[in-house]
1. Provide a single number: the residues in region B:8-29 that are more than 21 Å from the chain's Cα centre (by Cα) and either crowded, with 16+ Cβ neighbours inside 10 Å or of a type in the set (S, T, N, Q) (or both).
2. Hey, among B:L200, B:L207, which residue is at the interface with chain A (Cβ under 10 Å from one of its Cβ atoms) and under 30 Å from A:M326 (Cα atoms)?
3. Scan region A:274-305 residue by residue and report those that are in contact with a Phe, Trp or Tyr (Cβ under 9 Å, 6 or more places away or on another chain) and not hydroxyl-bearing (S, T, Y).
4. Out of (1) assigned to a helix (DSSP H, G or I); (2) over 17 Å from A:E316 (Cα atoms), the odd one out for B:I212 is which?
5. Being without any contact (Cβ under 8 Å) to a residue 12 or more places away in the chain and touching a Lys or Arg at 6+ places or on another chain (Cβ under 7 Å) is the filter here; which residues of region A:238-284 pass it?
6. Out of the residues in region B:88-111 meeting the condition of being surrounded by fewer than 16 Cβ atoms within 10 Å (Cβ to Cβ) and not aliphatic (A, V, I, L, M), tell me which one is farthest from B:Q158 (Cα to Cα).
7. State the number of residues belonging to region B:212-233 that are over 21 Å from B:I24 (Cα atoms) and either at the interface with chain A (Cβ under 9 Å from one of its Cβ atoms) or charged (D, E, K, R) (or both).
8. Look at A:A293 and say whether it is in a helix (DSSP H, G or I), modelled with pLDDT under 80, among the hydrophobic types (A, V, I, L, M, F, W, C) and buried (at least 23 other Cβ atoms within 10 Å of the Cβ).
Amino acid sequence: MLKQHPTARFILQRAGWYLLTFLVAVTINFFLPRLGTSNPVDIILAKSTGGLSAQAAREKEESYLKEFGLVKLDGHGNILRDTTIRMAKVWDASKQVSVSKPDTLIKPIKASSLDQFFTYVKMSLSGDLGTSFQKYPKKVLDVIVQAVPWTIALQLPTIVFGWIVGNVLGALAAYRRGLFDRVFFPVALLVSSIPFFVFGMLLVYYFAVVLGWFPAMGGYADEIIPSFSFELFGSVAYHYVLPFFSIFLILAGGQAIGMRSMGIYELGTDYIKYAKWLGIKESRVLIYLFRNAMLPQLTGLALSLGTMIGGALITEMIFSYPGLGMAMLSAIQNNDYPMIQGVTLIITTCVLIANFTVDIMIGFLDPRVKAGLQMGGN
Amino acid sequence: MKLLKNLLKSPMFVIGASLFFGTILVALFAPLFYSVTLDRVGEQYAAPGTGHWLGTDNLGRDYISLLIMGLRSSLYVGFLAGIIATALGTLLGIYGGFKGGWIDDILNMLTNLFIVIPSFVVLILISASFKDGRSLTLIGLIIGATTWTWSARAVRAQSSALKSRDHIWLARINGDGTLAILVKHILPYLLSYVFMVFILQIASGILSEAAISMIGLGPLDTQSLGVILNDAKSNGALGDGVWWAFIPSTVLITMIVFALYLINTSMEGVFNPRLRK
């Protein structure tokens, strides 16, 4: 049936491929942290039993074991235990003697790492990223859901504006060449080769510390309680300026360079020469040029929207911006492995979704790929 | 030779190459002329000029010493990661592209798979798991092992385009084996291309190390430009206006990366005459 619907087949094929990639990513996400010298399981156990009575420590340990999928569970979510009954000495306060009683907390059966892996995959697929270790008993997903809007608010406008401005300038440089290009190109190259974090630090130093124009850190002033008030909005906007520019300029520079070389390439093609020879208005030619040079740039836009979630990690850390980057930094400092794994999985998922979208988009936009589809090729 | 002559005509290349080789020379020979030490030589954050040209850090260590060590580490990581990523990518790309068939399919699938999984994520996960034994070499190895995919994809496309050229058929008729053809008849065509990839991989290695160090997952056994920045940030030097704690390091990183980009862009201009004018 799919033979008659090449488009549907194409989409399904890509979806299947990305599902496979997602599974590989989940596998990597599970096994890599367990590869090193200090694996999360030991850290969780070591931390969970400090400063508590024996009984409480044990209960806490078991609740951790259960939370993090380290023990076998029965169908009702209860911990499976070693069934051989052991007797334990228990202090009977009323009789002032210790008596032998069956141990009510017989050792749980530990899950093998393969079992743990399957639990992890099952949980991830159902959207459960586990429990944060540092902010126990908060769920990882809840922490992420709180942080993500900040990250998106910082990144989305920055990427879109940077992309537009960069492309327009790049196309102009390609078309005009001459003095504008000779000044513009090295500047764009320099700006785009400044690492995000370096530029962020310099901005903070000059505009926040030396001049004192803008706040050095945070997403809003500390003394404001987050609510939908005019005051908060103003504070957020004020805190937004430096992080915005730290990404915007570099991004625009990079886009401009890409657009410039695409533009120069297109300018050398026959159709532009022909159009010029026909005496078509310059602005018209520029539009043709723009449209054709656009496809790779559009792909770039979609891809950078996908890396958006992960892209600002370091910028956020520098500005102590309350997004995912800060969540990640504090997770790293506190060995909060479930949190680290949760954030990395979210980042990877977004990148995969963006790539999938780009693949499909190109399938529909690029005439060459489209023709291939219609001819029934793969 | 003619190529080099063309390159030397490009001011971009000359500036980039001199900057880059300058930093390499400084990294190699500075310890001969300057006594590099990690001992406490002054008070906390002593300002530049007070016996130390670039001041001291929060532990009273001389910043020039730290920067020289950091520069050495960053270049080391850049070259290590660059060599691994380029060699691995070239090997897999050239072989897959030339062979075609199922070998190519599998290699291509592997490449595409690891291209979409963000390498910085893999770097974070591995670095976070090596809490104690995280060395500079380990970080370089990981960066190399996670970034080869770009070189592989680029080289594969070139190699695949070359394989049906006439001179390759002639070599086959002559009875040359795959290895001989790859080394004698395909690699020479790709050398300039591979070199450009290598330059970019060095830059990305240096940047990756700085980035991973910035978030506190850097090498524990040595200084690096990223570690200096992380120390400056976590000790509040940024907010206190202690500019000598981070400006020299940021300038160095930017300068190296800019120099490498200049080299790459100018080579692109020479190899692709359309961009020249």
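1. 1
2. Of B:L200, B:L207, the one residue that is at the interface with chain A (Cβ under 10 Å from one of its Cβ atoms) and under 30 Å from A:M326 (Cα atoms) is B:L207.
3. Selection gives A:A275, A:I280, A:E282, A:V285, A:L286, A:L289, A:N292, A:A293, A:Q297, A:G300, A:L301.
4. The failed condition is (2).
5. Passing the criteria: only A:G268.
6. My answer is B:W102.
7. Residues that pass the stated criteria total 8.
8. It is true that A:A293 is in a helix (DSSP H, G or I), modelled with pLDDT under 80, among the hydrophobic types (A, V, I, L, M, F, W, C) and buried (at least 23 other Cβ atoms within 10 Å of the Cβ).
The values are calculated or read from the model by the stated rules, or taken from the named source; none is laboratory data. Source: prediction; values computed, not measured. Every residue, glycine as well, gets a Cβ built from its backbone with ideal geometry; the counts of neighbours run over all protein chains shown.
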